[in-house]
Amino acid sequence: LSILRGEKGPKRDIVILNSGAALVAAEIADTIKNGIALAEQSIDSGKAIEKLELLADYTRENG
C-alpha cells in the first residue's frame, strides 16, 4: 500500500514496470514507455489507491 500512497524506491520501480507491461498486454498502452507513464500517473495522482479502496469496499459489502 505504501507504494500506492507515493513511496518511492526500487519496489515502486518494479510495480511501475510490471504495471506498464500489463497495460501493454491489455492494449491500453501501445509501448512499455507509455505504459510506464500511465502507471506513474495513476499512482502519483492517487487514482490507483482510490480504485483499490473502491474494490476493497465493494468486496466487504458483497463478500
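Within the stretch 52-63, being part of a helix (DSSP H, G or I) and loosely packed, with under 12 Cβ neighbours inside 10 Å holds for LEU54, LEU55, ALA56, ASP57, TYR58, THR59, ARG60, GLU61, ASN62.
Among the residues of the stretch 12-20, is there at least one that is in contact with a helix residue (DSSP H, G or I) (Cβ under 9 Å, 6 or more places away or on another chain), free of Cβ contacts under 8 Å to residues at least 60 places away in the same chain and surrounded by fewer than 15 Cβ atoms within 10 Å (Cβ to Cβ)? Explain how you work it out, then say what you get.
Of all residues in the stretch 12-20, those in contact with a helix residue (DSSP H, G or I) (Cβ under 9 Å, 6 or more places away or on another chain) come to 12, 15-20.
In the following step, the residues that additionally are free of Cβ contacts under 8 Å to residues at least 60 places away in the same chain were identified as 12, 15-20.
After this cut, where a residue has to be surrounded by fewer than 15 Cβ atoms within 10 Å (Cβ to Cβ) as well, the list is 17-18.
Yes, the stretch 12-20 contains a residue that is in contact with a helix residue (DSSP H, G or I) (Cβ under 9 Å, 6 or more places away or on another chain), free of Cβ contacts under 8 Å to residues at least 60 places away in the same chain and surrounded by fewer than 15 Cβ atoms within 10 Å (Cβ to Cβ).
Scanning the stretch 30-40 for residues that are surrounded by 11 or more Cβ atoms within 10 Å (Cβ to Cβ) and assigned to a loop (DSSP other than H, G, I, E, B) yields one hit, THR31. Mind checking which residues of the stretch 30-54 are more than 13 Å from the chain's Cα centre (by Cα) and not acidic (Asp, Glu)? Across the stretch 30-54, the qualifying residues are THR31, ILE32, LYS33, ASN34, LEU54.
Regarding the stretch 47-61, can at least one residue be identified that is hydroxyl-bearing (Ser, Thr, Tyr) and in contact with a helix residue (DSSP H, G or I) (Cβ under 7 Å, 6 or more places away or on another chain)? No, that holds for no residue. With respect to being more than 17 Å from GLU7 (Cα to Cα) and out of contact with any Gly (no Cβ under 6 Å at 6 or more places or on another chain), ASN34 fits the description.
Within the stretch 7-29, the set of residues being under 11 Å from the mean Cα position of the chain (by Cα) and either part of a loop (DSSP other than H, G, I, E, B) or among the polar types (S, T, N, Q) (or both) comprises ASN18, SER19.
Do we find a residue being basic (Lys, Arg) and assigned to a loop (DSSP other than H, G, I, E, B) anywhere in the stretch 41-51?
Filtering the stretch 41-51 down to residues basic (Lys, Arg) leaves 47, 51.
From what's left, assigned to a loop (DSSP other than H, G, I, E, B): none.
No, the conditions are met nowhere in the stretch 41-51.
Taken together, the values in this text are just the output of simple stated rules run on the coordinates, not laboratory data. What you are looking at is a predicted structure, and each value in this text was computed from that prediction instead of being measured. For neighbour counting, all protein chains shown are included, and Cβ atoms are generated from backbone atoms with ideal geometry for every residue, glycine included.
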